[in-house]
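Since the structure comes first, as structure tokens, the remarks are kept for the end.
The values are calculated or read from the model by the stated rules, or taken from the named source; none is laboratory data. Just so you know, these numbers come straight off a predicted model, no measurement behind them. FYI the Cβ positions are ideal-geometry reconstructions off the backbone, even for glycines, and counts take in every protein chain you see. Surface areas here come from the heavy atoms of the whole protein model, side chains and all, with no ligands, DNA or RNA. Shrake-Rupley method; radii C 1.70, N 1.55, O 1.52, S 1.80 Å.
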Amino acid sequence: DKVLVGIFGAVGPRKNAPLILEAIDASGLDAVLVLAGGFEPGVQEWIDSLSPRDRERVIARDEFLDNDTLDQFVASVDVVPLALTNNGPSGIMGKAQAAGVPVVTTGSVVRAREVEATGTGVSCDFTAESIGAALRTVVEGDFTVTQELDEVTPEEFGRTLLGVDEQGRPFERSRS
């Protein structure tokens with residue numbers, strides 16, 4: 001009955017789990033934060049330091065997840081937040097997109113353009129309030145993933161991300 005918000009893969013400080021938990025509070029959603037994958041130093045200590053109320057809202061699985069298991073975890077949540085400061089693509093984002101799970105991304109122009117171009121998520125500012133509003137939008141708002149990503153060639157992906165057709169002419173992208 002709860003919204004599942006998932007952070008997966010190598011779970012470390014750069015994935016900003018404390019900020020996502022704060023964003024869940026800001027969203028007002030009845031949600032649980034799912035952390036699954038190999039925990040980097042400091043993550044378990046953060047989990048252990050949570051108040052009893054907050055600890056009840058975190059599901060943690062600290063272990064290496066093979067690719068199939070990781071795909072199943074990603075596909076089982078309601079939203080995948082990516083509050084990363086590296087301005088590049090994310091393998092977890094690709095898994096979420098392929099599964100039709102909406103992505104909330106912040107901290108990267110590249111990922112923001114990708115979710116806009118593909119209709120697979122929402123980008124926002126790097127604050128708990130903005131991330132919380134984006135979580136609420138994809139979970140309870142009028143947002144729907146407009147396409148599940150099938151396998152595409154690198155050329156097709158690049159054209160979509162850049163907003164150009166096969167001849168390299170710009171096409172109009174919708175703004176939401």
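From the list Ser51, Ser27, pick out the single residue that is under 26 Å from Asn86 (Cβ atoms) and of a type in the set (Ser, Thr, Tyr). Step through it out loud before you land on a result.
On the way: Ser51 fails: under 26 Å from Asn86 (Cβ atoms).
None of the others qualify; the one that does is Ser27.
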_Given (1) over 15 Å from the mean Cα position of the chain (by Cα); (2) modelled with pLDDT under 95, number of the condition Arg14 does not satisfy_ = (1)
*State whether one or more residues within the stretch 106-116 are at pLDDT 95 or above and within 15 Å of the chain's Cα centre (by Cα).*
yes
*asked:* Looking at Glu45 and the list (1) modelled with pLDDT of 95 or more; (2) within 18 Å of the chain's Cα centre (by Cα), which single condition is not satisfied?
replied: (2)
*Determine whether the stretch 63-80 contains at least one residue that is among the charged types (D, E, K, R) and within 18 Å of the chain's Cα centre (by Cα).*
yes
*Scan the stretch 100-108 and give yes if some residue there is open to solvent by 10 Å² or more (accessible area, probe 1.4 Å), under 17 Å from Pro18 (Cβ atoms) and in a helix (DSSP H, G or I), otherwise no.*
no
*Name the residue, out of Phe39, Phe8, that is touching a residue at least 60 places away in the same chain (Cβ under 8 Å) and either of a type in the set (Phe, Trp, Tyr) or on the phi > 0 side of the Ramachandran plot (or both).*
Phe8
*Is there a residue in the stretch 23-44 that is surrounded by fewer than 19 Cβ atoms within 10 Å (Cβ to Cβ) and under 26 Å from Arg113 (Cβ atoms)?*
yes
